Amino acid sequence: MPRLVMKFGGTSVANLDRIRRVAKRVGLEVAKGYEVIVVVSAMSGKTNELVGWVNETSPFYDAREYDAVVSSGENVTAGLLALVLQENGIDARSWQGWQVPVKTTSAHGSARIEDIPTENFDDRFAKGMKVAVVAGFQGVSAEGRITTLGRGGSDTTAVAFAAAHKAERCDIYTDVDGVYTTDPRIVRKARKLDRIAFEEMLELASLGAKVLQTRSVELAMRYKVKLRVLSSFEEPSDDAGTLVCDEEDIMESNVVAGVAFVRDEAKMTLVSVADRPGVSAAIFGPLSEAGVNVDMIVQNIAEDGRTDMTFSLPVDQVARAQKAMEEAKAAGGVNFHDLIADEGVSKVSVVGIGMRSHAGVAARMFKALSDEGINIKVITTSEIKISVLIDRKYMELAVQTLHDAFGLERA
Ligand code: ASP
Ligand code: MG
């Protein structure tokens, strides 16, 4: 029998009433003849509460116990959904990560799934189980300790199960009805996409569109899992939501699929560093050791053997970056005249696989921004993405402008 993976996020299982609605939804797929694997998140707000409690114990908590605590939210929803399904006469059983087992690395708090054996489920499905309810976000390390996959990790659990079980599809039920050309709270005309390519989704996810955990999209792309994002609050229909799929499965697409943004970015400039081999390493080595996530990097043309180096980073890492640079300077690793931080910038990006074959996307983007008098501070490009840093006060305007400029409200 074909298998289907259905994943329900925190708002979809926020209370017993909603869990009953989820059970109904699952029942519809069982009635179609699927063997269903349901992956659930913790009730909305639960994981934050658990993380808060752990943080209160000590800033130096044992990461293994963090995982023991924060994984518990999913156990509750998995058990409750199994109970409600049973109440509806459906043979259902809950599974915690260690019972499957979902084998992961030992990187507590951000473990990676290494293997999901399928024998246990095959066996139980053969014996009549109709639904396996899996606690998302968790696994077990080789040492036998409970691990978690990082915030939003239930998406990754779902895709990993879909890949391991060769499921027909992986449906991610959430509180939005699909993937949009941009955030509808900023652009009212934002349009829901029927389809989006894995690569585009990957860029959008890592650029701050929070629908799916980035890692889950990577996995889906690697194993060609058909991924659908849809709302658990809408009436069921076959073409609901957005299908995240191979680019070959998209007939016609806009050159630009969407506009993404990261509101709280910062920009730092090291003024007048020596222009010689080893300087970049002397700057970005210590930054990475300090756990600073550098994104864009721009080095100016040198004059008289000196140059400026600018990079972007999340606002809340500025203090850490400053400290790392001052220490590197004191230790003689790198020399600079001044260190300037600008904490008031945002990153806005346009993403689309169509850019590979269309010239002029960058020019159109820059023209649109300049027509609105928006100054671009840093630019980076990849094959399917162009990103700019701009003053944060223009972020909304920039997103709206680009949405218009690329005609994203039209299919
Ligand atoms: N409950 C976890 C979180 O809030 C995992 C998930 O929901 O995906 O991050
Ligand atoms: Mg989520």
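Scan the stretch 368-399 for residues that are crowded, with 16+ Cβ neighbours inside 10 Å, of a type in the set (Val, Ile, Thr) and assigned to a strand (DSSP E or B) and the total you get is 5.
One line per residue, one yes/no per condition, for (1) touching a His at 6+ places or on another chain (Cβ under 6 Å); (2) among the small types (Gly, Ala, Ser); (3) closer than 23 Å to residue 264 by Cα:
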site: 282; (1), (2), (3): no, yes, no
site: 293; (1), (2), (3): no, no, yes
site: 297; (1), (2), (3): no, no, yes
site: 322; (1), (2), (3): no, no, yes
site: 335; (1), (2), (3): no, no, no
site: 339; (1), (2), (3): no, no, yes
site: 345; (1), (2), (3): no, no, yes
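Before we move on, is residue 131 within 16 Å of ligand 1 (Cβ to nearest atom), of a type outside the set (Gly, Ala, Ser) and closer than 23 Å to residue 228 by Cα? Taking the combined requirement at face value, the residue does not satisfy it.
Only residues that are within 16 Å of ligand 1 (Cβ to nearest atom), touching a Leu at 6+ places or on another chain (Cβ under 8 Å) and within 23 Å of residue 173 (Cβ to Cβ) were counted across the stretch 43-90, and they come to 4. Against the conditions (1) in contact with a strand residue (DSSP E or B) (Cβ under 8 Å, 6 or more places away or on another chain); (2) within 16 Å of ligand 1 (Cβ to nearest atom); (3) on the phi < 0 side of the Ramachandran plot; (4) not aliphatic (A, V, I, L, M), residue 109 satisfies every one except (3).
The residues of the stretch 22-52 that are under 22 Å from the mean Cα position of the chain (by Cα) and acidic (Asp, Glu) amount to a single one, 49.
Considering each residue of the stretch 135-159, count those that are more than 12 Å from the chain's Cα centre (by Cα), within 12 Å of ligand 1 (Cβ to nearest atom) and surrounded by fewer than 24 Cβ atoms within 10 Å (Cβ to Cβ), and give that number. Result for the stretch 135-159: 0. Residue count for the stretch 333-356 satisfying the condition of being charged (D, E, K, R) and buried (at least 20 other Cβ atoms within 10 Å of the Cβ): 1.
To keep it simple, each residue is scored yes or no on (1) surrounded by fewer than 16 Cβ atoms within 10 Å (Cβ to Cβ); (2) of a type outside the set (S, T, N, Q); (3) over 30 Å from residue 326 (Cα atoms); (4) at pLDDT 95 or above.
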site	(1), (2), (3), (4)
205	no, yes, yes, no
213	no, no, yes, no
248	yes, yes, yes, no
266	no, yes, no, yes
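With a requirement of 1 or more residues that are more than 16 Å from ligand 2 (Cβ to nearest atom), the strands (runs of 3 or more DSSP E) lying completely within the stretch 205-282 that satisfy it span 242-245, 258-274.
Comparison of 345, 350, 388, 361 shows that the only residue that is more than 24 Å from the chain's Cα centre (by Cα) and not charged (D, E, K, R) is 361. Can you find a residue that is in contact (Cβ under 8 Å) with a residue 60 or more places away in the chain, under 21 Å from residue 37 (Cβ atoms) and either assigned to a loop (DSSP other than H, G, I, E, B) or more than 16 Å from ligand 2 (Cβ to nearest atom) (or both) anywhere in the stretch 168-181? Looking through the stretch 168-181, at least one residue is in contact (Cβ under 8 Å) with a residue 60 or more places away in the chain, under 21 Å from residue 37 (Cβ atoms) and either assigned to a loop (DSSP other than H, G, I, E, B) or more than 16 Å from ligand 2 (Cβ to nearest atom) (or both).
Taken over the stretch 364-384, residues that are under 23 Å from the mean Cα position of the chain (by Cα) and closer than 22 Å to residue 189 by Cα amount to 0. Examine the stretch 4-19 for a residue that is away from ligand 2 (no atom under 16 Å from the Cβ), touching a residue at least 40 places away in the same chain (Cβ under 8 Å), within 25 Å of the chain's Cα centre (by Cα) and over 19 Å from residue 159 (Cα atoms), and state whether such a residue exists. Taking every residue of the stretch 4-19 in turn, at least one turns out to be away from ligand 2 (no atom under 16 Å from the Cβ), touching a residue at least 40 places away in the same chain (Cβ under 8 Å), within 25 Å of the chain's Cα centre (by Cα) and over 19 Å from residue 159 (Cα atoms).
In the set (1) assigned to a helix (DSSP H, G or I); (2) within 16 Å of ligand 2 (Cβ to nearest atom), residue 200 fails one condition alone, (2).
The C-beta contact set for the stretch 273-290 (first residue over 12 Å from residue 308 (Cβ atoms), second residue surrounded by 12 or more Cβ atoms within 10 Å (Cβ to Cβ) and among the β-branched types (Val, Ile, Thr), distance under 6 angstrom, 6+ apart or interchain) comprises 282/334; 287/294.
The values are calculated or read from the model by the stated rules, or taken from the named source; none is laboratory data. None of these values were measured; they are calculated from a predicted model. In this analysis, Cβ positions are derived from the backbone assuming ideal geometry, glycine residues included, and neighbour counts consider all displayed protein chains.
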